[in-house]
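Q: After the structure tokens below, expect a handful of questions from me.
Bear in mind that the values in this text are calculations on the coordinates, not laboratory data. Just so you know, these numbers come straight off a predicted model, no measurement behind them. Using ideal geometry, Cβ is built from the backbone for each residue, glycine included, and neighbour counts are taken over all protein chains shown.
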């Protein structure tokens, strides 16, 4: 089955019928699907409709087409989303080494997507870098920056628990409004909030560089006067370029901290009610749907 949203707050489980993979294809059974709560709640409320939910998935190959190198029983990361199983081309399935914990492996997809944004603005090791928001996007951005040698990373985050986690990843964490303006070389917008976007731009030095990693889920992002006065530049980044290359790097840089991003767990049956709860309550950074126990 696959979870689909057909209208605001209307969930439908659609059947997933087994398929026999051909050459270049594998059939993958889902074990865990990761939650990207801000993005998914935005879709649940605003559409487009109908659409399926989720995209970061860890599963096991159940059937492999002729000539494939991926074998049955192999653990893999995919972009299936909240579905019990699915057919994939082998180019969209990345094998997970035995030593890598399940929840760490789930970081491959958004890890590459945030690292692509970093590549677009190329912060130097000694530049002052600002991240707005210590949700899933923000924390993975901090992870990629600090683990690749960027020394001066600051994150603006209102939630105390998320600030603590950001500090464990290597950032200096502050509350909104605590920083002086015009002191950062590079900024990353990861909050999906117009106020966060404005705050990021206000903190950049003249000719500063910014990357929008969130997609403005909770309102339009409007350029303030500081954008023109300081001659700032902004780029956007969405899907990754090469998840396989990123996965190979991540397997060499396993960090158990990544597993803390996905500590909250729910089940497929409980997922619609969990969305309703998180719409009006404090949200975890992320979590997982457990498809098999």
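Q: May I ask what percent, to the nearest 5, of DSSP beta bridges between residues of the chain are antiparallel?
A: Roughly 55 percent of the DSSP beta bridges within the chain come out antiparallel.
Q: With the cut-off at 25 Å, report for region 186-293 the share of all Cα pairs above it, as a whole percent.
A: Pairs farther apart than 25 Å: 45 percent.
Q: Picking from 19, 56, 31, which is most flexible by a Gaussian network model of the chain using Cα springs under 10 Å?
A: Maximum among the listed residues: 19.
Q: For region 110-236, what relative contact order do you get, as a whole percent, if you take Cα pairs closer than 8 Å and at least 6 residues apart? Could you put the intermediate results ahead of the total?
A: Numbers: 271 pairs, mean separation 31.3, N = 127.
That works out to 25 percent.
Q: Quick one: Debye curve from the alpha-carbon atoms of region 110-236 only, equal weights, vacuum; give me log10 I(q)/I(0) at q = 0.09 Å⁻¹ to two decimals.
A: Rounded to two decimals, the profile gives -0.20.
Q: Right, next: Express in whole angstrom the spacing between the alpha-carbon centres of region 228-245 and region 56-99.
A: 29
Q: Between residue 151 and residue 181, what FRET efficiency comes out of the Förster formula 1/(1 + (r/R0)^6) with R0 = 22 Å and r the beta carbon distance, rounded to 0.05?
A: FRET efficiency, residue 181 to residue 151: 0.50.
Q: By how many degrees, 0 to 90 and rounded to 10, does the Cα axis of helix 243-252 deviate from the longest principal axis of the chain?
A: 80
Q: What's the extension gain from residue 49 to residue 69 if we count 0.36 nm per residue and subtract their Cα-Cα distance?
A: 3.5 nm
Q: Percent relative contact order of region 77-164, based on C-alpha pairs within less than 8 angstrom and at least six residues apart?
A: Details: 77 pairs, mean separation 21.8, N = 88.
Normalised by residue count, the contact order of region 77-164 is 25 percent.
Q: Does region 83-141 classify as rounded, prolate or oblate by the C-alpha gyration tensor (a ≥ b ≥ c root eigenvalues; a/c under 1.5 gives rounded; else a/b over b/c gives prolate, otherwise oblate)?
A: Prolate.
Q: Suppose only helical runs count, i.e. DSSP H with n ≥ 4. What mean residue ellipticity at 222 nm does that imply for the chain under -39500 (n - 2.57) per run, divided by all residues and rounded to the nearest 500 deg cm²/dmol? Can you show the working numbers first?
A: Working: 9 runs with 82 residues, N = 293.
Rounded to the nearest 500, it is -8000 deg cm²/dmol.
Q: Averaged across orientations, what area in nm² does the convex hull of the alpha carbons in region 202-258 project?
A: Over every viewing direction, the Cα hull of region 202-258 projects on average to 6.1 nm².
Q: Which angle between 0 and 90 degrees, to the nearest 10, do you get for helix 37-46 versus the longest principal axis of the chain when only C-alpha atoms count?
A: 80
Q: Give me Rg/Rg_expected for region 25-129, where Rg uses Cα atoms only and Rg_expected = 2.2 N^0.38 Å with N residues. Can you show the working numbers first?
A: Numbers: Rg = 16.2 Å, N = 105, 2.2 N^0.38 = 12.9 Å.
Normalised Cα radius of gyration, region 25-129: 1.25.
Q: I would also like to ask the following. Rg to Rh for region 47-98: what is it, with Cα atoms only and Rh by Kirkwood?
A: Taking Rh as the inverse mean 1/r over Cα pairs, Rg/Rh reads 1.03.
Q: Below 8 Å, C-alpha to C-alpha, sequence gap of six or more: please give me the relative contact order for the chain in percent. Don't skip to the end; give the middle numbers.
A: On the way: 641 pairs, mean separation 52.8, N = 293.
With pairs under 8 Å counted, the relative contact order is 18 percent.
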